[in-house]
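See below for the structure under consideration.
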Amino acid sequence: MAPDIPDDDLAGTRAALAPTLAAAAAVLPWLNKQRSPRFAAEINERWVRACRELDAAWSARPASGGGSVRQSVFALYGVALDSKDADCLALGEALASATDRLEDDQPSPHLIAAMSAAIECFDEAGGLEHEAFPQRARHFATRLQNAVEQPGNQQRSPLIDRLFASEVSERLTLMREALDALPPDAVMLKSEAAQIAEQAELIELYGVMDLARQLARQIDGTTDLEQPATRTAIGHALDRLTAAIAALDAL
C-alpha cells in the first residue's frame, strides 16, 4: 500500500501547479475556437468553381486554343472583383495580364510556367479560406507580373537541349510501349511524365514541362487505359510531347 502523502506536500504541489493549470485553462477556449470565415460562403464557392474551370481550360489549351482560358480567367477575375479583397484583385489582374501575353506568337516559357504553377496551386478545395491563400496570392501575382514585364531572353545551351531531347526520346519510346501493353502500365506512364516535367523545369524548358505535367494529370487511380477513347487521348498527349522534343532536337 502506498504511503499517505502529507497534506503540506499536497498543498505545496497544488500551489506550484496552479499557474500552469491556469494558463492551460486560458488556452483551451482558443484551441476550440474556429477561425471565422474571411469571405461569404457564396463568394468562396464561386472562387473554387472558377478555379476548377480555369484548371480544366488550361489543361485543354493545346487542343482547344486559348479562348476558353481567357474566358475562365476573366470569370475568376469577376469573382475577385466581388470579393473586394486586395490580394484577390492583384492575382486576378496578374492573371488577366498574363493571358493577354499568351496571345503573342511565342509566349515566354517563364510566362507559361508561371501560369501553370498559379492555376495548379489555386485549384484546391479550401479556396479563399485556405490559411495560406494571402501569401500564395501575393507570391503568384508578383511572379506572373514579372513574367509579363520581363520575358525570358537568356541564351540557351544547344548541347544541353539536345542531350535532354535524346534522353526524353528514349523515355517516350518506353511510354508508348507501356501504353500499348496489355494491360497498359498507368503507373509507369504517370511516373515517366512527372520525371520529364521535373527535368524540363530544371533546365527551364517550360513548354515541355507544361506538356508533361498535362500528360501526368490525365492519368490517375481511376483512369481506365483499356478504354479506346482514353488510350487515344493519352496517345495524342504523347504525340504533342514528341513533337515538342523533335523541335528541340532540331535546333
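The values are calculated or read from the model by the stated rules, or taken from the named source; none is laboratory data. Here the structure is a predicted model, which means the values were calculated and not measured. Glycine also receives a Cβ, built like all others from the backbone with ideal geometry; neighbour counts cover every protein chain displayed.
Things worth noting here:
- Met188 falls short on exactly one of the conditions (1) within 24 Å of the chain's Cα centre (by Cα); (2) aliphatic (A, V, I, L, M); (3) part of a loop (DSSP other than H, G, I, E, B), and that condition is (3).
- Candidates Ala117, Ala60 - the one that is crowded, with 17+ Cβ neighbours inside 10 Å, closer than 30 Å to Thr232 by Cβ and either outside the structural domain of Ala132 (by TED's automatic domain parsing) or within 17 Å of the chain's Cα centre (by Cα) (or both): Ala117
- Answer residue from segment 102-147, given it is among the polar types (S, T, N, Q) and part of a helix (DSSP H, G or I) and is farthest from Asp210 (Cα to Cα) among those: Gln135
- The single condition among (1) within 26 Å of the chain's Cα centre (by Cα); (2) among the acidic types (Asp, Glu); (3) in a helix (DSSP H, G or I) that Glu170 does not meet is (1).
- The residue that is nearest to Gly207 (Cα to Cα), among those in segment 87-100 that are of a type outside the set (Ser, Thr, Tyr) and surrounded by fewer than 22 Cβ atoms within 10 Å (Cβ to Cβ), is Asp100.
- Considering segment 201-224, the residues that are farther than 24 Å from Asp180 by Cα and without any contact (Cβ under 8 Å) to a residue 60 or more places away in the chain include one that is surrounded by the fewest Cβ atoms within 10 Å (Cβ to Cβ), namely Leu202.
- Across segment 225-251, the number of residues qualifying as closer than 21 Å to Pro183 by Cβ and modelled with pLDDT under 85 comes to 2.
- Selection from segment 101-114 of residues that are of a type in the set (A, V, I, L, M, F, W, C) and either surrounded by fewer than 20 Cβ atoms within 10 Å (Cβ to Cβ) or in contact with a Leu (Cβ under 9 Å, 6 or more places away or on another chain) (or both): Leu102, Leu111, Ile112, Ala114
- Restricting attention to segment 51-101, the residues that are assigned to a loop (DSSP other than H, G, I, E, B) and under 22 Å from Glu149 (Cβ atoms) total 1.
- So Arg46, is it out of contact with any helix residue (DSSP H, G or I) (no Cβ under 8 Å at 6 or more places or on another chain) and at pLDDT 90 or above: no
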